[in-house]
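The values are calculated or read from the model by the stated rules, or taken from the named source; none is laboratory data. Please read all numbers here as calculations on a predicted model, not as lab measurements. Note: ideal-geometry Cβ built from the backbone for every residue, glycine included; neighbour counts use all protein chains shown. SASA here: full protein model, heavy atoms, side chains in, ligands and nucleic acids out. Shrake-Rupley method; radii C 1.70, N 1.55, O 1.52, S 1.80 Å.
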Amino acid sequence: MKTRFISLLLVALVAVTSTSCLKDDYLFDYDNMKSVIELPYLDHSKTLSYKSGATSVSADLYVNYSIADWRDIQEDIPVVLSIDESLLGGAKLLPASAYNLKFPLTMTILRASEQEKLSQQVHDGEKLNWQSAQEVLTISLTDPNLVSGTLYALPLTISNVPSQYTISGNFRTVVFYVTAP
């Protein structure tokens, strides 16, 4: 009985004296965190498929930011996407003549006041969310520079955002793959 009492007293003493870590600084400074700009895709690559006889294939290209409420953004956010050939892997770089967008491409996430105006014009389901910008990437399958049966890639990365934002370390790149018919 006496050893149980001493053991319980010892445990209580350790519990009381080990609470000093509660006065440590936080690991994250939530007051000074920057919003993160990202490419909101589940995978870092997207294979574009098409039906036999198709002349083109399209995909939505999005950039997104991590602010909790889109109404908090008070400025337009220009996001620059560039081609990053280091992401090609075993594919060939898609020739610039085969797609409709020009890189580096600046996509602008609109400030809240502009989003509210736009929300009156856009029907639900046509936009990823109000924290994003969207372009449509169209690849011509009849481009004369494409070799039939060859796997092509368009590797994109976020290359520039305003200084008050952070480029995501996990979701900064996406590679669009297409095999020429």
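Just add up the charged neighbours of H44: K/R +1, D/E -1, any other residue whose Cβ is under 14 Å from the Cβ of H44. My count for the surroundings of H44 gives -1.
Solvent-accessible surface (1.4 Å probe) assigned to F171 amounts to roughly 70 Å².
By a 1.4 Å probe calculation restricted to protein chains, S97 has an accessible surface near 70 Å², given to the nearest 10.
Net charge within 14 Å of V161 by Cβ-Cβ distance, Lys/Arg positive one each and Asp/Glu negative one each, not counting V161 itself? Show your work: numbers first, answer last.
Values: positive: K34, R172; negative: E38, E75, D76.
Cβ neighbours under 14 Å give a net charge of -1.
Ordered from highest to lowest accessible area with the whole protein assembly present and a 1.4 Å probe, T47, T166 read as T47, T166. Among residues other than T106 whose Cβ falls under 15 Å from its Cβ, what is the net charge (Lys/Arg +1, Asp/Glu -1)? Neighbour charge sum, excluding T106 itself: -2. Accessible area of Y62 (1.4 Å probe, protein heavy atoms only, ligands and nucleic acids ignored): about 40 Å².
Under the 0.36 nm per residue contour assumption, what length would be gained going from the current alpha-carbon distance of V136 and S82 to full extension? Can you show the working numbers first?
Working: separation 54, 0.36 × 54 = 19.44 nm, distance 1.55 nm.
Net length gain for the segment: 17.9 nm.
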